[in-house]
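Values quoted throughout were computed directly from the atomic coordinates according to the rules given, and no laboratory measurement underlies them. Bear in mind the structure is a predicted one, so any value in this text is a computation, not a measurement. Virtual Cβ from ideal backbone geometry, glycine too; neighbours counted across all protein chains shown.
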2 protein chains.
Amino acid sequence: MKTVTWTKEQLKSDERASVVAIEAEMLRAARHYFDNFGFTEVVVPHLTRATGACENINTMFDVDYFGTRGYLAQTGQLYLEALIPHMENVYCIGPSFRQEPDVDERHLTEFTLIEIELPCAFDELLQHIERVIHAMVHRVAQRRKRECRTLGVDIGRLRAIRTPFSRVTYSDAIVMLQSTGVAVTWGDDLKSAHEQAIVAQCGDAPTFITHFPEAIKFFNMKRNAQQPDLVNSADLVVPFAGECVGAAEREHDYATLVEKLRASSMLRMLEKKGGSIHDFRWYLDHVKSGIEPHAGCGIGLNRITQFVLGSDDIRTTTAYPLNRETLM
Amino acid sequence: MKTVTWTKEQLKSDERASVVAIEAEMLRAARHYFDNFGFTEVVVPHLTRATGACENINTMFDVDYFGTRGYLAQTGQLYLEALIPHMENVYCIGPSFRQEPDVDERHLTEFTLIEIELPCAFDELLQHIERVIHAMVHRVAQRRKRECRTLGVDIGRLRAIRTPFSRVTYSDAIVMLQSTGVAVTWGDDLKSAHEQAIVAQCGDAPTFITHFPEAIKFFNMKRNAQQPDLVNSADLVVPFAGECVGAAEREHDYATLVEKLRASSMLRMLEKKGGSIHDFRWYLDHVKSGIEPHAGCGIGLNRITQFVLGSDDIRTTTAYPLNRETLM
């Protein structure tokens, strides 16, 4: 697969305009899909306490919030979940912040996250994910031909994207990697190089890696009924960008959820920063009051754009890519 | 006009769900309008330096950005303006942050701002504003009848909104206020009570107040050709919420812009915080390189929602209203 290796500095103004137009088209396609499937957009807070964190609470930006510690949110997931009993299918699109100092082709300190939550089972969730991404990619191929030409994007590659996407379990992926000589052990988190190796072995196409070990994933992912050391989760990995979606069924049993939160590495990180399980009280109370089975995901827009552009550099995916050096 | 005085604490879950559905419908209507008029959505940064500030830089939340001072953005205006030469009509929708400690019916520390910038004259800008707000209000009346009933919103009041909106100059508004005994002097900024008095005198309907004194407005608003102590600006004021839109032609002459920035109270505030005019260098350079006449505005979504709901309390306008006491 051809690799385009342009960097932000090399972006000419017509290229930048093309990127903006493509990004806008993908947002439009996503919202159009959500509208068609009865999702309601929710405005979630971007200043939060610990309930705005993803797995690694140490990558949150702190904000002095009138003398108490606030954070810049990484996810609106728990805020969406709390609305499911009243709204059913919900989504939000907005900034996600990571205090990551790396200045390279894989890191942004602010990026756009598309999140959905809905009362559904695992398979239906994966179908929504592959279908919305299919809609986003094909809409660019249909409506942004000129911009694709400007950027040297092969429209044929976009048109070739088909659903359903391949599915491989985490356990099979580990075996697959080991069989090609990669030094990786069951229980390890997958690194970027691992993801690319799996994508390559799955036809250089978007691939779901499913059923990760519970220990390496977010505390509220639901345990697999057959194999309780696994969770009903999926990461979508794509050429060029690697992991672009994290998805899972959510634990809706109160006692199990509290047990999982207590055992999580996230809570230990939070306690080291002076927080406690009480920071999750409003969410736990919400689950305690009764919530139907549900599932959801976060789609990293810039990673999908990277895949569409065929770019090795996430800094090429938006008008104002933000990392440690580009604050303006 | 009837006043609904429900507060966040009184919101029942079906009322909250109705508010979320109405807010989503208004966002959908706005995006639909922008799509129809050739606007491209732009993802702007929410972590910025001083170029993310509105008039009062002292209300920005500070963020320690890898050892340098960053801020949570209040506006994407300058970032949108920089794209006009390549994209023409652009818009963004996202959070705007204000470090305001007040816990009351008028303040949020995070709210949703809808911003547009386009190459156009002042009158065309005002037309876009009244038309997009007309579209938002009427779409709620058409498609969210059930939610309006749940919330006791008088749909007839929404249907009665007509364009064009009334227009009154700032100078005439001052005379109007003085004639009813209000103690206000030409050159004063308008307070909330002033805005409501003007709305009441203009038929209890959305009203543009235009051509403010230069001294009390954002540095890059364009001077009026006939009266150089005025700028070609407009605030839209509405029943219940007061000011909900700030709009203006932008200064595109480099020398004038630099002179206006140097004379601005914003720059003096910035210098007190350790910043300087160099924080605006990228934007000034952009204007220096040549930009066509253009104009734009920021529409405070929560204020429009307040007007639609007929609510005196901005905390009733969204699922997670954020002020000093509600961080979660």
For residue B:178 paired with residue A:180, estimate the spin-label separation in nm (one decimal), with each label point 7 Å from Cα along the Cα-to-Cβ line.
7.9
Pick from A:111, A:37, A:240: which residue has the top mean-square fluctuation in a GNM of chain A where Cα pairs under 10 Å get a spring?
A:37
Net charge, residue A:229 excluded, C-beta distance under 9 Å - Lys, Arg +1, Asp, Glu -1:
0
Gaussian network model of chain A, springs between alpha carbon atoms under 10 Å - residue of A:209, A:299, A:174 with greatest fluctuation:
A:174
In whole Å, what is the distance between the alpha-carbon centres of the stretch B:77-148 and the stretch B:223-241?
17
Just A:204, A:123, A:64 to compare: in a GNM of chain A, with alpha carbon springs under 10 Å, which one fluctuates most?
A:64
Return the equivalent ellipsoid semi-axes of the stretch B:172-211 as a descending list in whole Å, where each equals the square root of 5 times an eigenvalue of the C-alpha gyration tensor.
15, 11, 9
Phi-derived 3J(HN,Hα) across the stretch B:179-185 with the Karplus relation (6.51, -1.76, 1.60, θ = phi - 60°), rounded Hz, x for Gly and Pro, is 5, 9, x, 6, 7, 9, 10
Relative exposure of B:150, B:68, judged by other C-beta atoms within 10 Å (fewest first):
B:68, B:150
Percentage relative contact order, the stretch A:1-110, counting C-alpha pairs under 8 Å, at least six apart
23
In terms of the charge dipole of chain A, which places +1 on Lys and Arg and -1 on Asp and Glu at the beta carbon, the residue among A:52, A:322, A:109 farthest towards the positive end is A:322
Evaluate the charge dipole of the stretch B:8-316 about its Cα centre and quote only its size in Debye, nearest 20, assuming +1 on the Cβ of each Lys and Arg and -1 on the Cβ of each Asp and Glu.
580
Per-residue ³J(HN,Hα) for the stretch B:306-314, Karplus 6.51 cos²θ - 1.76 cosθ + 1.60, θ = phi - 60°, Hz, x for Gly and Pro
4, 4, 5, 6, x, 10, 7, 10, 5
Amide H of residue A:319 versus every other amide H placed in the peptide plane: which residues, excluding those fewer than 5 positions away on the same chain, fall under 5 Å?
B:43
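Can you give the average number of partner chain beta-carbon atoms within 10 Å of each beta-carbon in peptide A:99-107, as a whole number? Write down the numbers at each step before the final one.
On the way: counts 4, 1, 2, 0, 1, 0, 0, 0, 0.
Average per residue, whole number: 1.
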Using the Cα gyration tensor of the stretch B:263-328, with a ≥ b ≥ c the square roots of its eigenvalues, what is the shape: rounded (a/c below 1.5), prolate (a/b larger than b/c) or oblate (neither)?
oblate
Return the loop-located trypsin sites (Lys or Arg not before Pro) in the stretch B:204-237 (DSSP other than H, G, I, E, B) with at most 15 other Cβ atoms within 10 Å of their own Cβ; answer none if there are none.
none
Whole angstrom only: what separates the Cα centroid of the stretch B:271-326 from the Cα centroid of the stretch A:166-214?
44
If I model chain A as equal point scatterers sitting on the Cα atoms and use the Debye formula, what is log10 I(q)/I(0) at q = 0.09, 0.11, 0.12 Å⁻¹?
-0.46, -0.70, -0.85
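Please go through the residue pairs B:145/B:217; B:217/B:273; A:272/B:12; A:145/B:288 and name each one whose alpha carbons sit more than 28 Å apart in this structure.
Working: B:145/B:217 39 Å; B:217/B:273 20 Å; A:272/B:12 37 Å; A:145/B:288 32 Å.
Beyond 28 Å between Cα atoms: B:145/B:217; A:272/B:12; A:145/B:288.
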What is the mean number of Cβ atoms from other protein chains located within 10 Å of the Cβ atom of each residue in peptide B:88-95, rounded to a whole number?
3
For the stretch B:1-129, I need the span (max minus min coordinate) of the C-alpha atoms along each principal axis, in Å, sorted largest to smallest.
48, 43, 25
